[in-house]
1. Over region 2-112, calculate the relative contact order: mean separation of alpha carbon pairs under 8 Å at least 6 apart, over the residue count, as a percent.
2. Using alpha carbons only, how many angstrom separate the centre of region 38-114 from the centre of region 1-34?
3. Could you run the Karplus curve 6.51 cos²θ - 1.76 cosθ + 1.60 with θ = phi - 60° over region 95-100 and give me ³J(HN,Hα) per residue in whole Hz, x for Gly and Pro?
4. When a/c reaches 1.5 or more, the comparison of a/b and b/c decides; with that in mind, is the chain rounded, prolate or oblate per its Cα gyration tensor?
Amino acid sequence: MLKGRVISGDKIGRTLGFPTANINISPEDTGLAQGVYAATVLVRDVSHYGALVINTRHNKVEVFIIGFGETIYDEKISIDPKKKVSDLISYSSAKEIKQKIRNDIEKVKDFFKI
């Protein structure tokens with residue numbers, strides 16, 4: 001279980017249409033390999049589904065919470081990774097990145113059967 005306060009990130013996910021909640025945990029400290037994971041996310045004592053990104057190039061972890069649109073900066077959240085759904089791959093265009101994110105979210109939904 002990964003726990004922490006939501007911090008402001010680079011807002012790249014938001015710019016692409018997929019805002020993420022970032023917590024200040026070193027990816028190396030998670031014990032997880034780099035990639036995208038299906039995860040449950042506890043926000044304000046309510047469980048949600050999410051796509052957790054572990055990227056060792058950043059000093060934080062981030063999660064896209066499916067169907068969630070509230071601002072939660074400085075709030076505590078807990079993330080429970082369940083299964084790795086894809087690897088991280090470099091892309092040359094925003095269009096390619098958006099498609100990869102959409103595909104990853106679909107894999108998370110399939111895992112949770114939502």
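Nothing in this text is a laboratory measurement; each read-out follows from the coordinates by a stated rule. All figures in this text were calculated on a predicted structure; none of them were measured in a lab.
1. Across region 2-112, relative contact order equals 31 percent.
2. The two parts, judged by their Cα centres, are 9 Å apart.
3. 4, 5, 5, 4, 5, 4
4. It is rounded, given that a/c, with a ≥ b ≥ c, falls under 1.5.
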